[in-house]
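The values are calculated or read from the model by the stated rules, or taken from the named source; none is laboratory data. Bear in mind that the values here come from a model prediction, so they are computed numbers and not experimental data. Here the Cβ positions follow ideal geometry from the backbone for every residue, glycine too, while neighbour counts run over all protein chains shown.
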Amino acid sequence: MIGKRLLIATLLTGASFAAPARAETSGVDDSGTLNPPSELSIEYWVERSKEARFDPGMCMYGYPLAKMGWHDAARRIFERCAEHNNVYAVPWAAWTEENGYDRPSDPARAADWDKRLADTGSSIGQLNYGLDLLRGHGVAQDRALGKALVDKSAAAGDKTARELAQHDYDPESVTPTADLAHYRKPQF
């Protein structure tokens with residue numbers, strides 16, 4: 001109610017209440033810009049992803065960028081974050097390589113990301129790299145090592161890994177459409 005009264009009084013008297021003047025600032029911080037107005041926008045992080053510097057704040061923008069179809073920027077963010085030991089970005093880096101989107105699919109690079117994550121002890125990495133090895137997708141096929149990694153993942157509680165082991169390590173039991181898309185020609 002006070003706000004309405006102030007507005008009415010201002011209109012009736014012709015008084016003006018100006019917003020405080022914006023403080024002028026000069027100079028630049030370590031990341032290049034002082035108080036950038038767009039620092040929370042997607043576009044800001046797309047531009048930051050093109051720079052050689054790493055900023056942990058960018059890591060949360062990879063997924064929405066990928067979902068928006070801005071795959072090149074998403075790939076740069078996932079890779080930069082993964083290279084700086086953000087384990088949550090590693091499966092997404094593998095995902096962008098596997099699916100290609102803005103460039104041809106690179107199964108070997110996807111398998112490399114999966115292996116990096118598996119080497120950290122991650123059950124997701126163990127499952128994904130285990131699947132790569134079982135299929136021989138992006139790496140030389142090694143069913144024994146693939147099964148061992150899937151078993152480690154299952155022992156860590158991964159339900160998909162348990163299901164895969166229960167189905168005699170048949171990748172189609174857990175990823176049937178992935179196998180159809182990558183390994184079989186459509187039948188007409």
With respect to Gly146, determine if the residue is assigned to a helix (DSSP H, G or I) and over 22 Å from Ala89 (Cβ atoms). yes
Quick check on my filter: what residues within the stretch 114-139 are out of contact with any Ser or Thr (no Cβ under 9 Å at 6 or more places or on another chain), in a helix (DSSP H, G or I), in contact (Cβ under 8 Å) with a residue 24 or more places away in the chain and of a type in the set (A, V, I, L, M, F, W, C)? Leu117, Leu134
Going by the structure shown, is Pro56 out of contact with any helix residue (DSSP H, G or I) (no Cβ under 7 Å at 6 or more places or on another chain), modelled with pLDDT under 85 and exposed (fewer than 15 other Cβ atoms within 10 Å of the Cβ)? no
Please verify whether Arg103 is assigned to a helix (DSSP H, G or I) and either among the small types (Gly, Ala, Ser) or farther than 20 Å from Tyr129 by Cα (or both), treating the condition exactly as stated. no
With (1) in contact with a helix residue (DSSP H, G or I) (Cβ under 6 Å, 6 or more places away or on another chain); (2) at pLDDT below 90 as the list, and Asn85 as the residue in question, which single condition is left unmet? (1)
Out of all the residues in the stretch 142-158, is one or more of a type in the set (Ser, Thr, Tyr), out of contact with any Cys (no Cβ under 8 Å at 6 or more places or on another chain) and in the same structural domain as Ser173 (by TED's automatic domain parsing)? yes
If we scan the stretch 116-129, do we find a residue that is closer than 21 Å to Glu83 by Cα, among the aromatic types (Phe, Trp, Tyr) and at pLDDT 95 or above? yes
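If only one of Ala111, Ala155, Ala73 is free of Cβ contacts under 8 Å to residues at least 12 places away in the same chain and at negative phi, which one is it? Step through it out loud before you land on a result.
On the way: Ala111 fails: free of Cβ contacts under 8 Å to residues at least 12 places away in the same chain; Ala73 fails: free of Cβ contacts under 8 Å to residues at least 12 places away in the same chain.
Unique residue meeting the criteria: Ala155.
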Where residues in the stretch 67-99 are surrounded by fewer than 23 Cβ atoms within 10 Å (Cβ to Cβ) and hydrophobic (A, V, I, L, M, F, W, C), which of them is nearest to Phe54 (Cα to Cα)? Ala82
I'd like to verify a number: residues in the stretch 135-154 that are among the aliphatic types (A, V, I, L, M) and crowded, with 21+ Cβ neighbours inside 10 Å, how many? 3
So is Ala178 among the aliphatic types (A, V, I, L, M), modelled with pLDDT under 85 and surrounded by 13 or more Cβ atoms within 10 Å (Cβ to Cβ) or not? yes
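Taking the condition at pLDDT 95 or above and in contact with an Asp or Glu (Cβ under 9 Å, 6 or more places away or on another chain), does Ala94 pass?
On the way: at pLDDT 95 or above: no; in contact with an Asp or Glu (Cβ under 9 Å, 6 or more places away or on another chain): yes.
It is false that Ala94 is at pLDDT 95 or above and in contact with an Asp or Glu (Cβ under 9 Å, 6 or more places away or on another chain).
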I'm checking my understanding of the structure. Among residues of the stretch 40-53 that are in a loop (DSSP other than H, G, I, E, B) and either outside the structural domain of Ile77 (by TED's automatic domain parsing) or of a type in the set (A, V, I, L, M) (or both), which one is surrounded by the fewest Cβ atoms within 10 Å (Cβ to Cβ)? Ala52
